[in-house]
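For reference, the structure is listed below as structure tokens.
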Amino acid sequence: MRTAVVLGASVAGLLAARVLSDHAERVVIVEPDDLTAVGHAGPGGTTEGPGGGGVASGPRLGVPQGVQLHVLMAMGRTQLDRWLPGMSDELLGDGAVFCAGERVHQYTDGVRRPLIPGHDLISSTRPFLEERVRRRVLGLPNVEVARGRADGLRFTANTVDQRVCGAFYLPTDTPATDDDGFAAGSARTRRVCLAADLVVDATGRGTRIGTWLEKAGWQPPPVERIAIDLGYATALLRRGPELPDVAVTTAMATPAPAGSPQPDSAAVAEVEGGRWMMVLAGYAARRPTRDPREFVERCAAIPAGPVREIATGCEILGDVVCHRVPDSRRREFTRLSRFPAGLVVVGDAAASFNPVYGQGMTSAALHASCLSAYLRSGGRVDEPARDFFVRQRVVVDAAWQLSAIGDLAQPHVDGPYPAGFRAAQWYSARLGRACALDPEVYRRFLDVVNMRERPELLTRPGTALRVARALLAADRG
Ligand SMILES: Cc1cc2nc3c(=O)[nH]c(=O)nc-3n(C[C@H](O)[C@H](O)[C@H](O)COP(=O)(O)OP(=O)(O)OC[C@H]3O[C@@H](n4cnc5c(N)ncnc54)[C@H](O)[C@@H]3O)c2cc1C
């Protein structure tokens, strides 16, 4: 292929661009943020970000979630190293934290689960990771950036076999834009078209792909949403000599019955620059605020020793920063009967789910691998990329199933409930209990969370039997 255009230069777009650099003579990434300015924002980045600490990476406008805690799962690390060999060593060499499984402490409702060697994570601030991935991808000789905001797809003029043949964008020097993203007054005349054999939408959960397709007479993908109304509040704290055996602690809470006060969840991870990054998560009426006193009080009340100790003993650096996730959402491209050739969609633009499981970057990396598998197995850019979307669906389903079961258990969430939901919820509650009792069950659960195994592993007879045995033994005392 001659030219591939990737819309969006975050994790999904960068890794898709890396894959496409093996298949296209030229890869152009369209991104509105000034990528030369980010990553060098000095301590803490913008004044809105959690401040202090002296790292040379800052958050950027196009990735508002970038100031929140981002941990890289084991499979994400494998995929990063696949596409950018040595990437994880580079991250760790530059100061990211290797969180060996033995230093990852996970609590559910105050009960600590076994420590599982081999389930290692990488922890750093998100801009730190993204900057290094970006440097590697933009260093490839056939990858370049066009600074601007993607504003639509270009289709061939023919009605039979019409396909995507490029993307429009508004260069970022265009004057201020109105609500639709068009520059005030003269925007359309300033639109630039990039011709492409393949366009990859990696513009994140707010993608306008449905509108763009519809405008051209194509069906928009059906969107499934679960209205989770999740709030995150995150702060950086100075790390001292406390808790040398802890790199990450997560403290998840099972929802209380409707009408009762809902418990908070929290997580804390060591990040570069000798700091902890702590996040407090609450749903609906319990979404946390930026108030540092409230943040400390609520974290200190979490039934997980390390969270309490860090919240009460460590100094907060900078502000508490909030982020809201209104819904988990997925766009179902495999359900479309017609789809144009020359277009694929990756990352959060395809599916963006509850972040408490930390699977977003790993999913994005797996989508890039799906794209590679599609192109290597003879997938053509002049045909609809159905086989790509079928491969991607396996990844999306895996992450979605895991997060949906938790999302739908929240009393404020009212569906949509998939077939068999009650049975799945019944089993999930027992599996959760067994995770604290049988390290092998928990190891399998983590294999699924880390996207090394498919969720089916957890319902296979061998696992179900272990769950039943563990619960029986516990009930017998
Ligand atoms: C609160 C929170 C916490 C999270 N924690 C974790 C975690 O611990 N671990 C993990 O793996 N994942 C986590 N995630 C998920 C993770 O942030 C995403 O899944 C990941 O960034 C991949 O997203 P993406 O590249 O598809 O989109 P994004 O990261 O959202 O990036 C979209 C990109 O598209 C650009 N863009 C937008 N519009 C246009 C346009 N019109 N034209 C061109 N470019 C455009 C933006 O500037 C940006 O660069 C978390 C998410 C949230 C919300």
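With charges only on Cβ, +1 for K and R and -1 for D and E, what is the dipole size of region 419-476 about its Cα centre, in debye, rounded to 20?
Working: 11 positive and 6 negative charges, 18 e Å.
For this selection, approximately 80 debye.
Could you tell me whether region 419-476 comes out rounded, prolate or oblate from its Cα gyration tensor? Rule is a ≥ b ≥ c as square roots of the eigenvalues, rounded for a/c under 1.5, then prolate if a/b exceeds b/c, otherwise oblate. Can you show the working numbers first?
Numbers: a/c = 1.92, a/b = 1.18, b/c = 1.63.
Cα axes put region 419-476 in the oblate bin.
Between Ala301 and Thr254, what is the label-to-label distance in nm when each label sits 7 Å out along the Cα-to-Cβ direction?
2.1
Report the full-extension gain for the segment Val192 to Arg469: residue separation times 0.36 nm, less the Cα-Cα distance, to one decimal in nm.
Details: separation 277, 0.36 × 277 = 99.72 nm, distance 6.33 nm.
Length gained, Val192 through Arg469: 93.4 nm.
Quick one: pull the percent of accessible area on the chain belonging to carbon and sulfur, 1.4 Å probe, ligands and nucleic acids left out.
Details: 10330 of 19710 Å².
Of the solvent-accessible surface of the chain, carbon and sulfur hold 52 percent.
How much length would be gained if the chain were fully extended between Glu383 and Ser337, taking 0.36 nm per residue of separation minus their Cα-Cα distance, in nm to one decimal? Write out the running numbers ahead of the final one.
Values: separation 46, 0.36 × 46 = 16.56 nm, distance 1.36 nm.
Between Glu383 and Ser337, full extension yields 15.2 nm more.
In nm, to one decimal, how far is the Glu294 label point from the Glu25 one, both placed 7 Å along Cα→Cβ?
That separation, rounded to one decimal, is 5.7 nm.
Only sites in a loop by DSSP and with at most 10 other Cβ atoms within 10 Å count here; which trypsin sites (Lys or Arg not before Pro) in region 298-402 make the cut? Don't skip to the end; give the middle numbers.
Working: sites: Arg298, Arg308, Arg324, Arg329, Arg330, Arg331, Arg335, Arg338, Arg376, Arg380, Arg386, Arg391, Arg393; in loops: Arg338, Arg380.
For trypsin sites (Lys or Arg not before Pro) across region 298-402 that sit outside H, G, I, E and B with at most 10 neighbouring Cβ atoms in 10 Å, the list reads Arg338.
Near the amide H of Val6, under 5 Å away, which other amide H atoms are found, from residues 5 or more places off or on another chain, if H is placed in the peptide plane?
Val28, Ile29, Val30, Val200
Compute the relative contact order of the chain as a whole-number percentage, counting only Cα pairs closer than 8 Å that sit 6 or more residues apart in sequence. Could you put the intermediate results ahead of the total?
Details: 1023 pairs, mean separation 91.6, N = 477.
Computed over the chain, the figure is 19 percent.
With every protein chain present, what is the per residue accessible area of the chain (1.4 Å probe, Å²)? Please report the intermediate quantities before stating the final value.
Details: 19710 Å² over 477 residues.
Normalised by residue count, the accessible surface of the chain is 41 Å².
Tell me which of Gly62, Trp212, Gln392 sits at the most positive position along the dipole axis of the chain, charges placed on C-beta atoms (Lys, Arg +1; Asp, Glu -1).
Farthest along the dipole direction, towards plus: Gln392.
Share of antiparallel DSSP beta bridges in the chain, in percent to the nearest 5? Could the numbers behind the result be given before it?
Details: 53 of 76 bridges.
Here the share of antiparallel DSSP bridges comes out near 70 percent.
Multiplying the sequence separation of Leu92 and Ala423 by 0.36 nm and subtracting their Cα-Cα distance, what value in nm do you get? Walk me through the numbers before you get to the answer.
On the way: separation 331, 0.36 × 331 = 119.16 nm, distance 4.23 nm.
Difference between extended and current length: 114.9 nm.
Starting from the Cα of Arg112, move 7 Å in the Cα-to-Cβ direction to define the label point; list residues of region 289-305 whose amide nitrogen is under 12 Å from there.
304-305
Mean separation of Cα pairs under 8 Å and 6+ residues apart, divided by the residue count of region 419-476: what relative contact order is that in percent?
Working: 32 pairs, mean separation 20.6, N = 58.
Here the relative contact order equals 35 percent.
Using a simple charge model, +1 on the beta-carbon of Lys and Arg, -1 on the beta-carbon of Asp and Glu, nothing else, what dipole does region 323-477 show about its Cα centre, in debye to the nearest 20?
Working: 22 positive and 15 negative charges, 49 e Å.
Computed charge dipole of region 323-477: roughly 240 debye.
Relative contact order for region 337-477 using alpha-carbon pairs under 8 Å, separation at least 6, rounded to a whole percent?
Relative contact order here is 22 percent.
With charges set only on the Cβ (+1 for Lys and Arg, -1 for Asp and Glu), what does the dipole of the chain come to about its Cα centre, in debye to the nearest 20? Write out the running numbers ahead of the final one.
Values: 56 positive and 53 negative charges, 193 e Å.
For the chain, the charge dipole is close to 920 debye.
Just reorder Thr203, Thr463 by solvent-accessible area, largest first, 1.4 Å probe, all chains present. Before the final figure, lay out each step's value.
Values: Thr203 60, Thr463 0 Å².
These residues rank, largest area first, as Thr203, Thr463.
Taking a spot 7 Å from the Cα of Arg225 along the direction of its beta carbon, which residues of region 247-285 have an amide N less than 16 Å from it?
Label zone hits: 284.
With r as the distance between the Cβ atoms of Arg454 and Val160 and R0 = 35 Å, compute the FRET efficiency 1/(1 + (r/R0)^6) and round to 0.05.
0.35
By the gyration tensor of its Cα atoms, with a ≥ b ≥ c the square roots of the eigenvalues, what is the shape of region 323-477: rounded for a/c under 1.5, prolate for a/b over b/c, or oblate?
Working: a/c = 2.50, a/b = 1.87, b/c = 1.34.
Prolate.
The values are calculated or read from the model by the stated rules, or taken from the named source; none is laboratory data. Computed from a predicted structure; not experimentally measured. For neighbour counting, all protein chains shown are included, and Cβ atoms are generated from backbone atoms with ideal geometry for every residue, glycine included. In case anyone asks, the SASA skips ligands and DNA or RNA and just uses the protein heavy atoms, side chains included. Shrake-Rupley method; radii C 1.70, N 1.55, O 1.52, S 1.80 Å.
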